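Engineer: Here it is, the structure in full.
The values are calculated or read from the model by the stated rules, or taken from the named source; none is laboratory data. For clarity, every value in this text was computed on a predicted model and none was experimentally measured. Virtual Cβ from ideal backbone geometry, glycine too; neighbours counted across all protein chains shown. For the accessible areas, the whole protein counts, side chains as well, though only heavy atoms, and no ligand, DNA or RNA atoms are used. Shrake-Rupley method; radii C 1.70, N 1.55, O 1.52, S 1.80 Å.
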Amino acid sequence: MKVKILMMPLIIVITVAVFIWLVYPAYSNGTNGVKENYSKLKVEQTKLTELKNKSENISNLSVQLSSMPEKNVLYNFVPEKIKEEEIINDLVNLAANSGLLLFDSMVSQPVKESQAIEEVVPVADESGDSATLPLPVSMPKMQNVKTEIKLAGNYEKIKDFLSNLEKFSRSNGVEILDINKNNSEVESSTNQDVLLVNATINFNVLKEAKLDSSSINSPIFDNSKLEANIISEIKNKKNANLFQLNVDQKGKGNIFQP
């Protein structure tokens, strides 16, 4: 009788053990069990939610950009195309308004069209844990259009030219500035004050970005609202004299005069 009483718990334990041995591998086998598949499902659901949020942000940003009344300020400040003729015409007009002679100019094509920028983005691995891995995000890079010019004129007019260069509605920066005396063999009261200027000016260009599987990871699409403060900054900069060439009061007004 005692043996029968002890056999029943033993049979129950063996039955449970066999059941666990048969069922548990299907629940979790390290690769494609129920537990692993559920973890993968949670990862894919998270990705889907993120994509939906980014899609909504992209739609909102597109609507805001289309309805922005002063969006041309941005497109003019950093255009998509080089516009060589526009660069030369602006420089010629600026030189003429400043009383200088622009007698040579050359616009060089950018060397590189674009560059892949590596950004650190969170990526979930197969186990469902989030890991930080660097993934290449293909985004256009700002290009510099080198423009070499040669000018002739007096010192004050050269200062006016450089000051007014910052008032351009197009982004630019002076890379090289070389000012020399006019070493003409014929000396006269007219050409004594004439200086020769060799300058290299970089005008910025930014190609249009294509929305694809790599650029979707850009942090730009994490927000649903455009930051429009940059437009006011550009407009203020265009009307401001930021390139100052101040001469100390103890010095000379024209450093090229004896």
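Engineer: Restricting attention to region 158-174, does a residue exist that is over 30 Å from Y75 (Cβ atoms) and either open to solvent by 90 Å² or more (accessible area, probe 1.4 Å) or modelled with pLDDT of 70 or more (or both)? Break it down into steps so the answer makes sense when it comes.
Structural biologist: Pass one, region 158-174, residues over 30 Å from Y75 (Cβ atoms): 158-159.
So of that shortlist, the ones also either open to solvent by 90 Å² or more (accessible area, probe 1.4 Å) or modelled with pLDDT of 70 or more (or both) come out as 158-159.
Among the residues of region 158-174, at least one is over 30 Å from Y75 (Cβ atoms) and either open to solvent by 90 Å² or more (accessible area, probe 1.4 Å) or modelled with pLDDT of 70 or more (or both), which makes the answer yes.
Engineer: Considering each of V145, V197 in turn, give the residue that is open to solvent by less than 60 Å² (accessible area, probe 1.4 Å), in contact with a Pro (Cβ under 9 Å, 6 or more places away or on another chain) and at pLDDT 90 or above.
Structural biologist: Values: V197 fails: in contact with a Pro (Cβ under 9 Å, 6 or more places away or on another chain).
Matching residue, one of V145, V197: V145.
Engineer: For region 41-57: of the residues being open to solvent by less than 80 Å² (accessible area, probe 1.4 Å) and touching a residue at least 40 places away in the same chain (Cβ under 8 Å), which is nearest to S218 (Cα to Cα)? Walk me through how you get there before you give the answer.
Structural biologist: Initially, region 41-57 is screened for residues open to solvent by less than 80 Å² (accessible area, probe 1.4 Å), giving 43, 46, 49, 53-55, 57.
Remaining after also requiring touching a residue at least 40 places away in the same chain (Cβ under 8 Å): 43, 46, 54, 57.
Values: V43: 20, T46: 17, K54: 10, N57: 12 Å.
In this case the residue turns out to be K54.
Engineer: With the condition kept exactly as written, say whether any residue in region 182-191 is aliphatic (A, V, I, L, M), surrounded by fewer than 15 Cβ atoms within 10 Å (Cβ to Cβ) and modelled with pLDDT of 75 or more. Step through it out loud before you land on a result.
Structural biologist: Of the residues in region 182-191, the ones aliphatic (A, V, I, L, M) are 186.
Next, from what is left, pick out any that are surrounded by fewer than 15 Cβ atoms within 10 Å (Cβ to Cβ): 186.
From what is left, the residues that are modelled with pLDDT of 75 or more are none.
For region 182-191, residues aliphatic (A, V, I, L, M), surrounded by fewer than 15 Cβ atoms within 10 Å (Cβ to Cβ) and modelled with pLDDT of 75 or more: absent.
Engineer: I want to confirm something. Restricting to region 73-104 and keeping residues that are β-branched (V, I, T) and assigned to a helix (DSSP H, G or I), which single residue is least open to solvent (accessible area, probe 1.4 Å)? Don't jump to the end; show me each part of the working.
Structural biologist: The first filter runs over region 73-104 and keeps only residues β-branched (V, I, T), leaving 73, 78, 82, 87-88, 92.
Remaining after also requiring assigned to a helix (DSSP H, G or I): 73, 87-88, 92.
Numbers: V73: 40, I87: 3, I88: 44, V92: 66 Å².
Residue satisfying both the conditions and the ranking: I87.
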